[in-house]
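Everything below concerns the one structure shown next.
The values are calculated or read from the model by the stated rules, or taken from the named source; none is laboratory data. Keep in mind that this is a model prediction, so the values were computed, not measured. So basically every Cβ, Gly included, is an ideal-geometry build from the backbone, and we count neighbours across all protein chains shown.
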Amino acid sequence: MPYRSMTALRLFIQTCVIAFAGFAIVSQAAHAAPRKQSQDKKQQVVAKRAVAKPVSASRKAVVRAKPSRTIAVSARAPVRSGAAKASFGELAGLHLQNDPLDLKSSVALVVDQDTNEVLLSKNDHAVLPIASLTKLMTGLIISESGLSMDETVTITEEDIDTEKGSRSRLAIGTTLSRREMLHLALMSSENRAANALGRTYPGGLKTFVALMNAKAKQLGMADTRYVEPTGLSSQNQSSARDLAVLVNVAHSDPVLREFSTSPGYEVAVGHRTLQYNNTNQLVKNPSWDIGLQKTGYISEAGRCLVMQTQIAGRKLIMVFLDSAGKLSRIGDAVRVRHWVESMPGAVAGKG
């Protein structure tokens, strides 16, 4: 065979081989593509499941972790319902101190009003915010001022609570007598009424607060400081010892006795009549003989209560500060009452 014919034959054979190999590769790829797509889908499903499992597990872990965090908080101090932050007493660890009656208040003092005998004391020297217990001093200054109780006082924008943002049914422009404002401040802890009483005092709010502090100093209340007349500020502070002194003095004022212990009170505001109730449910209980009382609450102070009451033939002054729980201050008063009634020589009967 000539040289050129042999060369052409070899080229033809190589071309056929290459073409056949290419066809085989294309055919194999075509058959493999569906399998690869199927495998890719399976891998995607597996991948999705793999991602979903950790998310689900993490959610369950958070749910389980919540109770443990709550328990840890409870172990340090009682948890207040609806309170966003701890009280000063909680932060100071005052709730960790035990007492024989298992009181829920971190500060307590019970004194015989006639003999000054201290029946019960718990952290009674601690200086804490006193919330609306402040209004007892506000009422005392107003009552002793000699100002006309029939003179009208009008609520203005200056009486709006910018400290805590609390609400009031006394709208801007509401006009009541000084007597009515004082009644609402003492009985139902009306903040705008209390502020209006101080604001309209001769000399204004600054003068009024100065008189509050001067009165506290006169009474020997060395632990006490006031910065405003409502108690909304946590800077209004005192001790149980000082508050017992204030309750004793305030109890001698017939206006403060009457207004602080009345179960309810109605005031006419324009064409409406507003019904107010006492913040202390014990005044409606006929088994209690309460001569004077005041409640208070801000988150920094906890639930507070002071009372003059007669139990088992004894006139007592009770002070409860920084109580944990909405009804716990009332519960503490009941515990003290049962304890006093169980004492040897206790007189049976009302109170």
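Taking SER145 as the residue in question, decide whether it is at pLDDT 95 or above, of a type outside the set (Asp, Glu) and under 17 Å from GLY296 (Cα atoms). No: the conditions fail for SER145. Among the residues of segment 296-306, those that are surrounded by fewer than 24 Cβ atoms within 10 Å (Cβ to Cβ) and either under 14 Å from ASN191 (Cβ atoms) or free of Cβ contacts under 8 Å to residues at least 12 places away in the same chain (or both) comprise TYR297, ILE298.
Scanning segment 189-211 for residues that are surrounded by 22 or more Cβ atoms within 10 Å (Cβ to Cβ) and within 26 Å of the chain's Cα centre (by Cα) yields SER189, GLU190, ASN191, ARG192, ALA193, ALA194, ASN195, ALA196, LEU197, GLY198.
Filter segment 260-295 down to the residues that are assigned to a loop (DSSP other than H, G, I, E, B) and touching a strand residue (DSSP E or B) at 6+ places or on another chain (Cβ under 9 Å), then identify the one that is surrounded by the most Cβ atoms within 10 Å (Cβ to Cβ).
Of segment 260-295, the ones assigned to a loop (DSSP other than H, G, I, E, B) are 262-263, 270-271, 278-280, 285-289.
From what's left, touching a strand residue (DSSP E or B) at 6+ places or on another chain (Cβ under 9 Å): 263, 278-280, 288-289.
On the way: PRO263: 12, ASN278: 22, THR279: 19, ASN280: 25, TRP288: 21, ASP289: 15.
The extreme case among them is ASN280.
Considering every residue within segment 117-131, establish whether at least one is exposed (fewer than 14 other Cβ atoms within 10 Å of the Cβ), part of a strand (DSSP E or B) and out of contact with any Leu (no Cβ under 6 Å at 6 or more places or on another chain).
So the first thing to find is which residues in segment 117-131 are exposed (fewer than 14 other Cβ atoms within 10 Å of the Cβ), and the list is 117-118, 125.
Then drop every residue that is not part of a strand (DSSP E or B), which leaves 118.
Still in the list and also out of contact with any Leu (no Cβ under 6 Å at 6 or more places or on another chain): 118.
Yes, the conditions are met somewhere in segment 117-131.
Applying a threshold of 6 Å to beta carbon distances and a minimum spacing of six or more residues, or different chains, the list of pairs starting in segment 225-245 at a residue that is without any contact (Cβ under 8 Å) to a residue 60 or more places away in the chain and ending at one that is of a type in the set (Ser, Thr, Tyr) reads VAL227/SER233; ASP242/THR224. Close Cβ contacts (under 6 Å, 6 or more residues apart or on different chains) running from residues in segment 274-289 that are in contact (Cβ under 8 Å) with a residue 60 or more places away in the chain and more than 15 Å from HIS183 (Cβ to Cβ) to residues that are basic (Lys, Arg) and in a strand (DSSP E or B) are absent. Of all the numbered requirements in (1) in a loop (DSSP other than H, G, I, E, B); (2) of a type outside the set (D, E, K, R); (3) in contact (Cβ under 8 Å) with a residue 12 or more places away in the chain, HIS183 misses one, and that requirement is (1).
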